[in-house]
Amino acid sequence: MRGSQFTQLVAVLDQLRSPGGCPWDAQQTHQSLVEYLIEEAYESVEAIDANDSEAMCEELGDLLLQVVFHARISQEEPGGWDIDAVIDGITQKLIRRHPHVFVDGSVETENQVHDLAEVELNWHQRKAKEKSRNSVTEGIPEALPALMRAEKLISRSKSVSAPDPAYLVQTDQLIEGLSTEEQLGDYLFALVSSANSQGLDSEAAVRKAVLRRMQLIQSHE
């Protein structure tokens with residue numbers, strides 16, 4: 001049965017954190033593990049980008065370890081949660097946010113047909129309702145890299161009609177002829193290079209642009 005090895009991972013980490021286990025594992029905290037969580041996430045992305053199946057399997061295992069590790073630490077705290085709570089939480093969330101697939105916790109006999117845009121919109125609407133958010137801009141992590149944060153904001157704000165600055169009206173013409181991610185990547189790299197030669201910080205520029213866009217979206221919600 002798939003997933004049967006998961007209990008062994010939980011048991012191994014329990015032993016490492018218990019008396020007589022590993023001193024290094026025993027002294028770790030949520031805070032001390034943050035750097036490893038980030039590192040393993042980026043190494044997983046690197047393996048995916050390289051289309052290296054074996055590396056993906058290994059790196060995703062390292063990333064899974066971080067999830068189990070944090071759950072084990074919390075389990076030791078008064079009123080803390082354990083790995084079962086983590087799994088149940090994400091399972092119920094997936095069911096709630098896929099009403100086109102699940103009804104009252106069970107799979108529909110005949111799934112309703114929705115296009116991707118509608119599915120994505122429904123997901124964000126249900127997420128906002130669950131978290132009592134008043135704006136589509138709420139909950140976008142500030143620590144995300146600027147481009148990733150911009151992508152997240154664009155994806156969430158498709159339902160909000162906020163005008164673009166005048167100088168962005170001809171954006172489509174600027175990238176006309178770019179039809180692949182490789183071409184777009186080269187174009188963005190050249191743009192960053194040009195900005196750098198003028199002493200401009202591209203990461204900071206995009207980060208500030210996202211903040212300006214957030215303010216504009218909030219004023220039109």
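The values are calculated or read from the model by the stated rules, or taken from the named source; none is laboratory data. Treat the numbers as computed from the prediction; the structure is a model and nothing was measured. Here the Cβ is made from the backbone with ideal geometry for all residues, glycine too, and neighbour counts use every protein chain on show.
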Provide a single number: the residues in segment 74-87 that are surrounded by fewer than 18 Cβ atoms within 10 Å (Cβ to Cβ), out of contact with any Asp or Glu (no Cβ under 9 Å at 6 or more places or on another chain) and either of a type outside the set (D, E, K, R) or assigned to a helix (DSSP H, G or I) (or both). 8
The residue that is modelled with the lowest pLDDT, considering only those in segment 134-183 that are surrounded by 14 or more Cβ atoms within 10 Å (Cβ to Cβ) and among the basic types (Lys, Arg), is Arg156
Residues within segment 184-204 that are assigned to a helix (DSSP H, G or I) and either of a type in the set (A, V, I, L, M) or over 21 Å from Pro145 (Cβ atoms) (or both), tallied: 8
Could you tell me whether Ala71 is farther than 21 Å from Trp24 by Cα, assigned to a helix (DSSP H, G or I) and modelled with pLDDT of 95 or more? no
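Of the residues Leu60, Leu13, only one is touching a residue at least 24 places away in the same chain (Cβ under 8 Å) and either assigned to a loop (DSSP other than H, G, I, E, B) or surrounded by 15 or more Cβ atoms within 10 Å (Cβ to Cβ) (or both); which?
Details: Leu60 fails: touching a residue at least 24 places away in the same chain (Cβ under 8 Å).
One residue alone meets the criteria, Leu13.
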